[in-house]
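Taking it in order: structure first as structure tokens, then the write-up.
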Amino acid sequence: MKRLFLLGILVSFFASASFAQNFIPLKNLPDSLEIEVLNVSVSIEGTDETFASYSFVSDTGKKLSCVENRGTFRIRTVYESDGIIRIKIPKTHLIERMRITSALASITVKNISVVHTHILLTRGDINISGCQFKTSVLTQNTGSLLFSAGVKSSALCLTNVEARVQYLGEKDGYHIDYSCAGSYLNVNGQVLTNLQGVYGENNAQKRSIISLSHSNASVSFP
């Protein structure tokens, strides 16, 4: 029985060590993330670690161009590839700029803080949770969107997307300008039927623009 117990511990230890070795530490904490990929999913997650690291797994064995230069971590698709790129960032680190351009894949961003965020995705799903953005611009064509973040200024441009949006903070703190072309928009339980309009107080400190085309979106506040 003891042998089986010790064997289980050893297997767990070596599995954890193998997983940890898949991640490559960055020399410095990045001020900027620039990611441009095709058919490669992106996962960025805040962790309790004190350093940043990344890992790329591909079924085809193809590589990505991953370059760290002067505070910017750049990732590019060089060859036709597939797989997932994972990036781990300390939760306490503030990223100045994050730009992600992708197609035919998914984007997941969790528990990080960014000053300026720009995300563009064609044909894929986006999951953003537990994040803080000062400015956020997100454009998505065809897929699903789960967005839960605190923002100072936000723009969502969605085409053929099923979206659930949660703005962190008080409802009265947000002003939303919206337009709906062949779309359904529900804000805090109220269905907005006008083609375009305004929701919230004009003097609200947090601003959001939501532009929908052939999409369904619900917006809520915790």
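Points worth noting:
- Net charge, THR142 excluded, C-beta distance under 11 Å - Lys, Arg +1, Asp, Glu -1: -1
- Set of region 63-103 residues, backbone N closer than 13 Å to the point 7 Å along the Cα-Cβ line of ASN39: 63, 77-84, 103
- Expressed to the nearest 5 percent, the antiparallel share of DSSP beta bridges inside the chain is 20 percent.
- Debye log10 I(q)/I(0) for region 150-222, one point scatterer per Cα, at q = 0.12, 0.17 Å⁻¹: -0.26, -0.54
- Computed FRET value (nearest 0.05) for ARG74 with SER213, which takes r as the C-beta separation and R₀ as 35 Å: 0.65
- Cα gyration tensor shape of region 76-182, rounded if a/c is under 1.5, else prolate or oblate by comparing a/b with b/c: oblate
- Accessible area of region 84-222 divided out per residue, in Å², using a probe of 1.4 angstrom: 46 Å²
- Note, ³J(HN,Hα) from phi for region 171-183, Karplus 6.51, -1.76, 1.60, rounded to Hz, x at Gly and Pro: 4, 5, x, 10, 10, 10, 9, 9, 9, 10, 10, x, 10
- Cα-centred dipole magnitude for region 41-181, charges only on beta-carbon of K, R (+1) and D, E (-1), debye, nearest 20: 360 debye
- A full extension of the chain between LEU195 and ASP177 corresponds to an added length of 5.4 nm, given 0.36 nm per residue minus the alpha carbon distance.
- Two-site FRET efficiency, ASN160 against ARG99, from Cβ-Cβ distance with R₀ of 30 Å, rounded to 0.05: 0.85
- Charge context of ILE119, other residues only, Cβ under 15 angstrom, K/R +1, D/E -1: +2
- Shape class for region 37-137, computed from the alpha carbon gyration tensor (a ≥ b ≥ c): prolate, with a/c not under 1.5 and a/b above b/c.
- The angle between the Cα long axis of helix 2-21 and the longest principal axis of the Cα atoms of the chain comes to about 60 degrees, rounded to the nearest 10.
- Convex hull of alpha carbon positions in the chain: directionally averaged projected area 15.1 nm².
- The apolar share of the surface of the chain, taken as the fraction of accessible area on carbon and sulfur atoms (1.4 Å probe, ligands and nucleic acids excluded), comes to 52 percent.
The values are calculated or read from the model by the stated rules, or taken from the named source; none is laboratory data. Quantities reported herein were computed from a predicted structural model and do not represent experimental measurements. No Cβ is skipped: glycine too gets one built from the backbone with ideal geometry, and neighbour counts run over all protein chains shown. Remember, those area values only see protein heavy atoms, side chains included, never the ligands or the DNA or RNA. Shrake-Rupley method; radii C 1.70, N 1.55, O 1.52, S 1.80 Å.
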